[in-house]
Structures are given as structure tokens and as C-alpha cells.
1. Alpha carbon centre of region 289-336 versus region 205-227: separation in Å?
2. Rounded to the nearest 20 debye, what is the charge dipole size of the chain about its Cα centre when +1 sits on each Lys and Arg Cβ and -1 on each Asp and Glu Cβ?
3. Using a Förster distance of 56 angstrom, determine the FRET efficiency expected from the C-beta separation of residue 407 and residue 195, and round it to 0.05.
4. Fewest to most neighbouring Cβ within 10 Å: what's the order for 566, 116, 314?
5. Compute the relative contact order of the chain as a whole-number percentage, counting only Cα pairs closer than 8 Å that sit 6 or more residues apart in sequence.
6. Would you kindly state how much longer the chain becomes between residue 187 and residue 235 on full extension, computed as 0.36 nm times their sequence separation minus their alpha carbon distance, in nm to one decimal?
7. If the cut-off is a Cα-Cα distance under 16 Å, which lysines reach residue 302, setting aside same-chain residues fewer than 8 apart in sequence?
8. Find how much the distance from residue 379 to residue 211 grows on full extension, using 0.36 nm per residue of separation minus their present alpha carbon separation; answer in nm with one decimal.
Amino acid sequence: MYILLITIVLALIFDYINGFHDAANSIATIVSTKVLTPFQAVVWAAVFNFVAFWIFKDHAVANTISKTVIKDFITLQVIFSGVIAAILWNLLTWWYGIPTSSSHTLIGGFAGAALTHAVFVNGFNIPWNKIIDSDTIVKSILFIFFAPLMGMAISIFLSIVTMHRNLWIRILIILISTAVTVVIFDRFEENKMDENLQKYIKLDKYKTDYVKAKESLKQNPNDTTLLLEFNKVEKKLNSTKEIYTSLSPVVNNYDKLGADSIARFAYQHGYLKEIEISKLKDEVRNVNDFLILESDAANNKKFEKKYILAKTETEKYKEPIKKYLQKEISLDSTIIALNTIYTIKESNIEKIKSKLSKFNIESNFKKDVEKSDNKYIVWGIVLVSLLFILIYIYVEKIKSPTASSVSNMFKKLQLLSSALFSIGHGGNDAQKVMGIIGAALIAGGQIQEFSQLPSWVPIACYTSIALGTLSGGWRIVKTMGTKITKVTPLEGVSAETAGAFTLFFTGQMGIPVSTTHTITGSIIGVGATKRLSAVRWGVTTSLMVAWILTIPVSAILAALVYWISTFFF
């Protein structure tokens with residue numbers, strides 16, 4: 001338990017360091033244009049870092065990070081080593097004023113420690129794609145380049161639109177762009193709801209089980225045990241497909257029906273009946289220290305037999321739980337029946353009673369549906385676009401436009417664009433540490449999957465990154481705010497808005513990108529809009545070298561930390 005606590009504390013320390021390391025991303029342009037003083041800027045950024053807590057519900061980025069390493073190779077020692085390596089690399093690059101990616105150092109450290117752990121335990125016999133999730137690593141590497149390119153493209157577009165002299169054409173372009181963005185985010189919401197529905201009813205699991213069972217049967221066609229297992233899995237898959245076919249159109253109509261109506265429909269039509277029994281069975285056995293036993297078995301072979309026995313026997317919990325849910329037996333009788341199947345520790349009896357009496361599948365399903373809702377982001381984008389339009393009309397049509405009034409307009413707009421980017425920064429980067437803490441809680445046997453993440457985790461992560469941002473990051477502010485290109489308030493608005501939109505887009509897709517890479521690309525974009533020579537390409541090239549080195553260097557550091565940690569754990 002003490003290793004878990006130390007790992008969580010270290011993860012929050014990393015989150016704090018991430019805050020002041022990446023504070024420059026949020027405040028560099030607003031400080032360099034003298035819209036706010038450095039102190040005012042970090043307070044402004046920190047506040048909106050924390051505001052992200054109420055805007056980002058799905059935590060898709062955190063879920064992705066937690067799956068960087070295959071579950072079998074996630075141990076507390078691996079996570080501990082990865083976080084230590086990430087902290088070391090972040091402090092080193094901060095000291096030299098290099099704006100590198102906290103996201104990629106975390107991914108690199110996590111992966112490097114896991115690979116080292118696998119070598120220590122199994123030698124070099126296991127291929128690396130069986131240890132780490134190759135999709136996450138490949139996406140992370142690709143977005144080292146895609147994120148800044150996206151930021152650059154959007155900032156160039158925004159700069160050109162903003163500088164267009166015809167106000168009405170400018171407003172028309174903003175309206176069209178906003179409409180397209182709303183449609184894109186609506187599609188993100190639909191895709192995420194469909195993905196979450198499949199996970200909730202375990203369709204994705206049964207698909208995987210079916211493929212494995214089919215492959216095993218193909219290799220041993222005369223094995224009657226395998227044939228029975230295959231038929232069992234196929235039956236489950238077909239049954240779940242029918243549920244999915246019935247629920248999918250209803251869930252896709254979320255904007256019209258709402259989560260309450262969808263959950264009520266699913267419950268009343270009996271689509272949640274089997275899921276209810278299965279989920280409650282999982283929660284009951286988890287309360288009885290099943291996950292701790294699973295974690296011990298993964299790290300120590302002597303616990304393996306106990307774990308296999310517990311897993312097999314607790315599957316039989318379904319029958320008494322089913323009777324309890326159908327009100328055929330009382331709560332006390334259910335506890336007696338469960339205890340007869342597999343012994344419940346005395347200290348866990350009251351906890352299990354509480355779990356049984358309070359569990360509500362309709363409410364549980366409703367929360368799962370709601371977490372894909374991105375209406376706050378969408379309405380935020382719409383309101384920001386309207387605010388831009390109203391300010392343009394006021395300054396250029398209602399008031400007589402002067403150089404001074406236009407400059408003041410962009411200074412005020414930069415407050416808004418900086419706030420947007422800080423929200424994106426908080427929502428993107430705090431989630432990465434949530435993913436690591438989630439993985440630690442899974443490895444420590446506290447939760448079974450990321451969807452069970454306790455509510456204190458996001459609050460702690462958003463608070464840590466906000467406090468870190470309050471501490472500032474003046475070494476990197478100089479690099480971001482002045483060394484790449486000189487930024488005016490107009491260009492600051494374009495760069496920050498472009499960076500914010502890029503973070504919102506990638507966050508909705510669950511892709512862990514670097515806020516550093518994003519804002520750097522956006523700043524390069526506004527500089528290139530003036531002329532290519534306005535960008536100091538030598539500085540940019542040096543930054544890109546540091547970005548490319550981050551994952552491998554962090555992985556090597558994590559490997560060394562893991563090796564050293566073997567003498568103490």
C-alpha cells in the first residue's frame with residue numbers, strides 16, 4: 001500500500017511540475033504582448049486550468065494514457081519508475097528553458113519502465129507489442145508532428161480571416177467555420193457514445209473473446225472443451241449484438257432524448273438485466289479484496305493459484321445476486337449465500353451490504369451515457385465565435401475604428417483566447433496524470449478498470465496542475481514568447497485560439513498531444529503569415545530535436561530508474 005501512496009504522490013508532483021513547466025504555453029503570448037503582467041497571467045491561466053474540470057467529462061485522454069502498457073505488465077514499480085523518469089526530464093528541460101512535452105515524457109517513461117520490467121521477468125522472448133500498446137505509442141509519435149501542424153494551419157487561417165478588411169466577409173467565414181466545427185464535435189460525441197456503449201455492454205470484450213476462442217478451436221478442432229467454450233462465447237456475442245442493435249439508435253438520439261430517457265428505456269426493456277448482475281458481481285468481489293489478489297498474482301507466482309480459485313468461484317456469485325435483484329432473497333440471505341460460495345472477510349461484510357443495497361444499474365448507465373456529452377465545449381465555441389463577431393461589429397461599425405481602438409480590442413480578445421487555451425491545457429494535461437494514477441490504482445488492486453476512477457483523482461489532478469501554473473515558468477516564457485517570433489496582440493489571439501481548438505479536437509479523439517507542440521506550431525503559423533523570415537527557424541529546429549528525443553530519453557531514464565528500484569522493492 002505504501003508504494004501505491006508514494007506513486008500517487010509522485011504523480012501529483014509531476015502534475016504540479018507539468019503546471020509550471022507548461023505555464024509558458026498558456027501565458028507566453030499574453031505576457032510578451034504586455035496584455036497582462038506575469039503574475040496576472042499565471043493567476044489567469046491557473047483559474048482556467050481548473051475550470052477544465054467541469055468541462056471535460058469523458059476523460060478520453062486519461063483512458064488512453066492508462067492503456068499505454070498492457071495490463072499484464074503494469075506494476076506499481078513500473079509506474080513509479082516511469083513517473084520518476086518523467087519528473088527528471090521535465091526538471092532538466094525546464095532548467096535549460098526548453099519547452100518539451102510533458103505528455104511524451106510521461107508516455108516514454110511508462111513504456112520504458114514496462115519494457116524493462118518485461119525483460120527482467122521474462123527475458124527477451126516477448127515481442128514489444130505484447131508489452132505496450134503500439135497504437136498509443138504510434139499516435140503519440142505521429143502527433144509530435146501533426147499537433148504543431150494542426151496548430152499552424154488553424155493559426156494561419158485565423159490570422160488571414162482576422163486581417164481581412166471586409167467585416168461582413170470575415171463574419172461569414174467565422175459563422176461557416178463555427179457551423180463546421182459544431183458538426184465535427186457532434187460526430188465526435190456520436191462516435192464516443194457508440195464506443196462507450198459497446199464497452200458498457202461488453203460487446204468489445206465478447207468480440208475479442210470470440211476471435212480467441214475461434215482461433216483456439218481452429219488449432220484443436222476435436223477438443224470438446226474448446227468447442228463448448230466457443231459455443232458459449234458465440235451465444236454471448238450474439239445476445240449482446242442484439243442488445244447493441246436495440247440500444248444504439250436510442251443512444252445516438254441523445255441530443256433529443258437525454259441521458260435520463262435513454263437509461264429508463266434501457267432498464268424498462270430489460271437490456272441492462274444481464275449487465276446489472278455482472279457489474280454487481282464484479283463490484284461485490286472487488287470489495288472483498290479480489291483486485292488486490294489479482295495484483296499480487298501478477299507480481300508473485302505464489303498467489304496465482306489463489307487468484308485462479310477466487311476468479312472461478314466468485315463467478316458463481318451471479319446466482320444469489322440475481323435472486324437478490326429479483327427480490328427473491330433478503331440482503332442477509334444474499335450475504336450468507338455469497339459467503340458459502342467464496343469466503344467473505346469479516347471486515348468486508350458491511351461494505352458489501354452497502355454495495356448491494358445502493359447499486360442502481362439505471363443510474364450507473366445514465367452516468368456512462370452522460371460522460372460522452374460535449375455540449376459545454378460546443379456551446380463554448382459558439383459563444384466565443386459570437387463574442388468575436390460582436391466585438392468586431394462594435395469596434396469597426398458602432399465606434400469609429402482607430403489604430404488604438406483596434407489594438408485594445410485585440411488585447412481584450414487575447415484574454416479570452418488565453419483562457420480558452422488554458423482550459424484546453426488543463427483538460428488535456430491533467431488527464432494524463434489521471435491516466436497514470438488510474439493505472440496505479442488498477443495495479444494496486446483498488447479498481448478494476450478506468451471507468452471506476454474515484455472522484456478525488458480528477459479533482460486532485462486539476463488542482464495540482466493549476467497550482468503548478470500559479471508557480472510560473474519564466475525560463476520557458478522567454479523561449480515561447482520572444483525567441484520563436486515577435487507576437488502582437490492580434491497574432492496572440494490567433495495563436496492561442498488555434499492552440500485551444502487543436503487541444504479540444506484531439507482531446508475529443510482521446511489522443512494525448514503536447515500543449516507545448518501545439519502552441520509552438522500556432523506561434524510559428526502567425527509568424528509565417530507575416531513572412532517566413534519572421535520565424536527564427538534555428539530555434540524551431542532545436543525545439544523539434546528536443547521533442548523527438550523526449551520519448552526515447554525518457555524511456556532510457558525510466559529503464560535506469562527501474563533497475564535501481566529493484567534493489568529497494
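1. Between the Cα centre of region 289-336 and that of region 205-227, the gap is 25 Å.
2. Details: 58 positive and 44 negative charges, 174 e Å.
Value, rounded to 20: 840 debye.
3. On the way: r = 46 Å, r/R0 = 0.82.
Working from the Cβ atoms, E equals 0.75.
4. Values: 566 12, 116 25, 314 19.
The order, fewest Cβ neighbours first, is 566, 314, 116.
5. Values: 827 pairs, mean separation 233.6, N = 569.
Answer for the chain is 41 percent.
6. On the way: separation 48, 0.36 × 48 = 17.28 nm, distance 3.18 nm.
Extra length from residue 187 to residue 235 when fully extended: 14.1 nm.
7. The qualifying lysines are 311.
8. On the way: separation 168, 0.36 × 168 = 60.48 nm, distance 4.18 nm.
The span from residue 379 to residue 211 would gain 56.3 nm if fully extended.
Taken together, the values in this text are just the output of simple stated rules run on the coordinates, not laboratory data. Predicted model, so just to flag it, every value in this text is computed and none were measured. Backbone-built Cβ (ideal geometry, glycine too); neighbour counts: all protein chains shown.
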